[in-house]
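Report on the structure given below.
The values are calculated or read from the model by the stated rules, or taken from the named source; none is laboratory data. These numbers come from a predicted model, not from an experiment. Ideal geometry is used to build each Cβ from the backbone, glycine not excepted, and the neighbour counts take in all protein chains shown. Accessible surface areas use protein heavy atoms only, side chains included; no ligands, DNA or RNA. Shrake-Rupley method; radii C 1.70, N 1.55, O 1.52, S 1.80 Å.
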Amino acid sequence: MVSNGIYASDLSYPKEQKQQCLIYRMFGQVPARLVLYMLSWSGFLVSFMMRTDINLTIVAMVADPPKSSMNVSHEYCYTTDNETTINAHYGGTLQWSEKVQSYVLASFYWAYIIAQIAGGVATQWLGSKKVFGYSQLVTALCSLNLPWASNTHYGLAIALRFLQGFASGLTWPAMYALVGPWIPIPERSRFMSSFQGFSIGIGITYPLAGYLIANFGWPSVFYTTGTLGVSWCVVWYLLAFDSPETHPRISLSEQRYIKENTADAKIITKEHKTPWLEIFKSPHTWAIGITTFGRIWVHYTFMIPGPRYMKSILGFSVEKNGLLSGLPFVCSYIASVFFCYLADKLVTKNIMSLLAVRKLMTAIAQVVPGILVLFIGNVGCQIDLVLVMWFVAVTVVPAAYAGAMANVVDIAPNFAGPVLAFAQTIHMSASFLSPLAAFHILDGRDLLMSSWRMVFYVTAFVSISTYFVYQIWGTTEIQPWNYVPDLPRRDEQVELMEGGRSDNDTEPVIVKNGTLDTSGKNGTTVT
């Protein structure tokens, strides 16, 4: 939501109150968009540290099940003789069954899905700064309380994970809602790479958790991630703002550049009714939701059952498990920056159309990992080859952030938050269905490679088949329901991406009734 009175009416810089703040004096020349990028990047990093810390930690929390009397030594990649040397036993004490473990892990994602629509609505009413910040704080406080809850009763652990999931579910719609008014179209794919801070978060969490478990015990994992979460919230409160117009530090030139290149993006408030029915009826929003369902399925196969596979089949110690589970996600962040940069260049240099780029990146993110997991399930105990394919599969998944995920802002820059909430309600169901399906298939047979092979077959089918929905119904055209009544209906996106707008076409920035107005009249001109 936009407030009045931040800028003087003579196109001057923001009011001199900013000079009173040491932070603004120190960082006054840093572009506000860069600050937002770093806040987005670090925010998702911390968020995913708090949501994924339990994925590896749970294998050290829970006592190992009794070994089956059947001879399955040929099914896994280490022998009984060297099992103790490899240290595949992690010393867990909690007596949680496979079903209880699946409920603890999945409870986060049940609530996460419920929160998606609430996130889109809350962002309109409260603004992204409050929604994102308070969500992170609640998630952090839950992490700090998970150790005693787990030791008391698994029901308390499920309740805290459920609360974490609901809070975390508000973050994505809140951040997406900032993209439309803050990020110029030529920079959007690159800005989307900031969301890949979550890959670094996952990549850091697994090896950090392995180290902490081995040296300080599993409760230290939750204390560490929770403390980082609370600390980050302080930084967010000081530096985040809902729009360029409410930012007390942004320069005149940067604000004007943002205004001229955001293609009618507007701060949508509670005064503007969200077109939920049109969003629901649109085949293009369904295409985004369904195809990314497949991406989430394959992604969460690596994230949640993955550490169990490395323990049960590959026989890795907890520290090696953490390192090899997390390192591919660090590689995926580097890849996300490359894919987003490549997508921008392919479009701005007219090598490919925006739609063709979105579909290409989506195919890389889903078809390639789908094929690779088929091979992982069939190469047996060639551990080096398994790890190479595992790394490549995880690394290319983030290409989706220059594909179908970026498409959310393409088709509805004014309602990116609600559209994302709708798409995530569909695709995030895979975040709990994927591990539940894996636990159901394994069902105490996680030492059997044949069981894991079936897990990978199902993953490959879901990942590849859902891509074709986007191939058929994906589009980059701004949808008619994106426009609000007081905003001109014009599509500047292609022109801006191709650099076709001249300097003479710029318009003054207007604040009208507390929101941006481009009509050029009945408003107060601001910078």
Requested in this report: With a point put 7 Å past each Cα toward its Cβ, work out how far D443 is from Y257 in nm, to one decimal.
Outcome: 5.9 nm
Report task. Could you pull the accessible area for I472 with a 1.4 Å probe, rounded to 10 Å²? Result -> 110 Å²
Report task. List the pair-distance distribution P(r) of the stretch 198-237, using every Cα-Cα distance, as the percent of pairs falling in each 5 Å bin from 0 up to the bin containing the longest distance, rounded to whole percents. Result -> 6, 23, 25, 24, 14, 6, 2
Query - F422, F329, F280, reordered so the largest accessible area comes first (probe 1.4 Å) - result: F280, F422, F329
Query raised in the report: Taking a probe of 1.4 angstrom, what is the accessible area of Y211 in Å², to the nearest 10?
Result: 110 Å²
Query raised in the report: In square angstrom, rounded to the nearest 10, how much accessible surface does V234 have for a 1.4 Å probe?
Result: 90 Å²
Report summary line: The whole-number value in µm²/s of the Stokes-Einstein translational diffusion coefficient for the stretch 281-368, with Rh from the Kirkwood sum over alpha carbon pairs at 10 °C and 1.306 mPa s, is 104 µm²/s
Query raised in the report: In whole Hz, what ³J(HN,Hα) sequence does the stretch 313-320 give by Karplus (6.51, -1.76, 1.60; θ = phi - 60°), x for Gly and Pro?
Result: 9, 8, x, 7, 5, 5, 6, 5
**Report entry** Rounded to whole Å, sorted largest first: equivalent-ellipsoid semi-axes of the stretch 106-178, Cα gyration tensor
**Finding:** 25, 12, 7
Report summary line: Between L94 and residues 5 or more places away or on another chain, the pairs with built amide H atoms under 5 Å apart involve V62, A63
Query - Separation of the T348 and W276 label points, Cα + 7 Å toward Cβ, nm - result: 3.9 nm
Query raised in the report: Once the dipole of the stretch 253-397 is set up with Lys and Arg at +1 and Asp and Glu at -1 on Cβ about the Cα centre, which of G306, I279, L360 lies farthest towards its positive end?
Result: I279
**Report entry** Radius of gyration and Dmax over the Cα atoms of the stretch 334-468, both given in Å
**Finding:** 17.0, 54
Report summary line: From most to least accessible, 1.4 Å probe, no ligand or DNA/RNA atoms counted, C233, C381 line up as C381, C233
Query raised in the report: Any idea how far the Cα center of the stretch 294-320 sits from the one of the stretch 160-238, in Å?
Result: 20 Å
Report summary line: Ranking I290, I334, I213 from most to least accessible area with a 1.4 Å probe gives I334, I290, I213
